[in-house]
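Working notes, structure below.
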Amino acid sequence: MIKHWIISLSIACAGFSSVAFAQDPKPGIVGSDDRKITSDARFAAVGRLNLSGKGFCTATLIAPQVVMTAAHCTFYPSTGKPVPPDRIHFAAGWRKGKPLAHRVAKHVRRHPDYGDTKTMMTDIALIILKEPINDQRINPIPVDKSTDRVRMVVPLTHVSYARDRPHLPSIETGCVVRSVQARLLLTDCDSNFGGSGAPMLRAGKDGFSVLGIVSGVIEHKGLRRVAAVRAFMPEN
């Protein structure tokens with residue numbers, strides 16, 4: 001049973017309300033949009049997080065019964081109130097209205113410091129599913145376990161659902177980390193409404209791992225950056 005997690009964070013950034021980048025109506029796309037529709041089975045663990053018809057985000061299965069997403073995706077955008085777990089549905093490998101697997105949440109465990117301020121630095125949550133997903137077509141993507149400080153220009157693979165492509169997963173492989181502020185990764189990846197909670201993946205010798213989770217879009221040195229909080233392993 002997952003109990004809690006602790007991260008030392010020092011920089012507070014402006015928060016974003018759930019499902020969309022509400023404080024900035026423009027999507028996080030700079031220049032040309034490099035996202036492409038993907039059918040790659042390696043990313044079947046990425047799915048839509050549906051909030052009972054009130055919107056959606058993107059989320060990733062990191063273990064058979066654990067999904068990782070942005071914390072703000074677990075609040076109703078209109079009221080700011082937490083979404084009851086039984087109203088949160090994870091649709092793994094969602095494609096044209098059909099998931100490879102569908103599960104309902106049992107518990108939501110947000111970062112303990114994601115309180116009234118709701119900053120990007122703590123905008124991350126784990127969703128414990130009522131039932132595990134044990135499907136040979138869906139391989140959970142583990143959290144990146146490296147303890148190294150992420151360097152700039154780390155290549156990323158970004159997989160997400162978005163308002164302009166709500167029923168098909170998009171992938172971008174040519175984006176990189178452009179700046180690092182403590183555990184916040186500022187990237188030049190492209191994202192759109194609904195992409196909150198999407199994984200930033202790092203390729204390694206054993207396959208992909210979740211390096212960060214998309215929180216929103218900010219301005220940094222005059223440029224728009226899609227910001228992701230670095231993922232972490234919870235304590236058991």
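The values are calculated or read from the model by the stated rules, or taken from the named source; none is laboratory data. Computed from a predicted model, the values in this text were never measured in an experiment. Glycine gets a Cβ as well: all are built from the backbone with ideal geometry, and neighbour counts include every protein chain shown.
Considering every residue within the range 113-122, establish whether at least one is part of a strand (DSSP E or B) and either of a type outside the set (Lys, Arg) or out of contact with any strand residue (DSSP E or B) (no Cβ under 6 Å at 6 or more places or on another chain) (or both). Write out each step before concluding.
Keep residues of the range 113-122 that are part of a strand (DSSP E or B), which gives none.
No, the range 113-122 contains no residue that is part of a strand (DSSP E or B) and either of a type outside the set (Lys, Arg) or out of contact with any strand residue (DSSP E or B) (no Cβ under 6 Å at 6 or more places or on another chain) (or both).
Within the range 172-189, the residues that satisfy the criterion of being in a loop (DSSP other than H, G, I, E, B) and at pLDDT 90 or above are Asp188, Cys189. Of Asp86, Asp148, all but one fail to be exposed (fewer than 12 other Cβ atoms within 10 Å of the Cβ), outside the structural domain of Gly47 (by TED's automatic domain parsing) and not basic (Lys, Arg); the exception is Asp148.
Residue count for the range 51-64, restricted to those that are touching a Pro at 6+ places or on another chain (Cβ under 6 Å) and surrounded by fewer than 19 Cβ atoms within 10 Å (Cβ to Cβ): 1. Residue count for the range 96-112 satisfying the condition of being crowded, with 17+ Cβ neighbours inside 10 Å and of a type in the set (D, E, K, R): 3. Every condition in (1) within 22 Å of Lys54 (Cα to Cα); (2) in contact with a Lys or Arg (Cβ under 6 Å, 6 or more places away or on another chain); (3) in a strand (DSSP E or B) is met by Gly194 except one, and the failing one is (3). Candidates Lys106, Lys118, Lys96: the one that is at pLDDT below 95, over 24 Å from Ala227 (Cα atoms) and not assigned by TED's automatic domain parsing to the domain that holds Gln181 is Lys96. With respect to the conditions (1) part of a strand (DSSP E or B); (2) surrounded by fewer than 16 Cβ atoms within 10 Å (Cβ to Cβ); (3) without any contact (Cβ under 8 Å) to a residue 60 or more places away in the chain, Gln136 lacks only one, and its number is (1).
Among the residues here, Ile127 qualifies as surrounded by 22 or more Cβ atoms within 10 Å (Cβ to Cβ), under 24 Å from Arg95 (Cβ atoms) and either in contact with a strand residue (DSSP E or B) (Cβ under 6 Å, 6 or more places away or on another chain) or β-branched (Val, Ile, Thr) (or both).
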